[in-house]
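The values are calculated or read from the model by the stated rules, or taken from the named source; none is laboratory data. Being a predicted model, the structure only gives us computed values, none of them experimental. Cβ coordinates were reconstructed from backbone atoms using ideal geometry, including for glycine residues, and neighbour counts include every protein chain displayed.
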Amino acid sequence: MQPTPEQLEIITRQLGRKPRGIAAIAHATDAGVPVVLQMRSLVANKPFPTLYWLCSQDLDKAIARIESSGWIKSIEAELQQDDELRARYHQQQADYVARRWQLMFAEDREALEAQGFAELFNTLGIGGIAQWDKVRCLHMQYAHHLVAENLVGQRMDAEFGLDQLSIHF
């Protein structure tokens, strides 16, 4: 869904700057407050492999606390030890890459291919990660979780109750 002028004002307040590269609002609260932005793959004529961007300040702060707690290392260790979990995580990375290509604007695709960045967009997963056994940027993992299946986001809801957090603007 394209952001309304009111939603663009909210996004500007959330980010603390004028937004660039928004393709759509991927997830909003029931009241219409934007939470996740779908981004263009080319922003200011530069590659931008992040498909989903979390714009909620409430979630941003909560997730920053989780990141600073060292939780990423524990989920990475679990991925290394559990073959089934790791296979599921790899599939979610592949699904993210496929979805990014599916949602990409035709003119962005043409420009990225002409600039030689197609392979980059085939290999970078959630959060721009190239090593799919690692977890990078819980903010982008959670943004993806709000739009599609993401085991890291599911775990964050289960362990930290992020899905119970009140979202304000």
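The figures follow:
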item	result
Residues satisfying the stated conditions in region 69-87, i.e. assigned to a loop (DSSP other than H, G, I, E, B) and either small (G, A, S) or in contact with a strand residue (DSSP E or B) (Cβ under 8 Å, 6 or more places away or on another chain) (or both)	S69, G70
Test: residue in region 119-135 that is assigned to a loop (DSSP other than H, G, I, E, B) and in contact with a Ser or Thr (Cβ under 7 Å, 6 or more places away or on another chain)	yes
Some residue of region 88-98 being within 23 Å of G21 (Cβ to Cβ), part of a helix (DSSP H, G or I) and touching a His at 6+ places or on another chain (Cβ under 7 Å)	yes
Close pairs (7 angstrom Cβ cut-off, 6 or more residues apart or separate chains): at positive phi in region 115-140, assigned to a helix (DSSP H, G or I) and modelled with pLDDT under 95 anywhere	C137/G127
Any hit, region 131-144, residues being surrounded by fewer than 13 Cβ atoms within 10 Å (Cβ to Cβ) and either touching a strand residue (DSSP E or B) at 6+ places or on another chain (Cβ under 6 Å) or modelled with pLDDT under 95 (or both)	yes
Any pair with Cβ under 8 angstrom, 6 or more apart, that starts in region 74-90 at a residue that is closer than 14 Å to R155 by Cα and ends at one that is of a type in the set (V, I, T)	I75/V135; I75/V152; E76/V135; L79/V135; Y89/V152
Of all residues in region 1-26 being touching a Phe, Trp or Tyr at 6+ places or on another chain (Cβ under 8 Å) and not basic (K, R), the one that is farthest from H144 (Cα to Cα)	I10
Residue check for I22: over 26 Å from D108 (Cβ atoms), among the aliphatic types (A, V, I, L, M) and in contact (Cβ under 8 Å) with a residue 12 or more places away in the chain	no
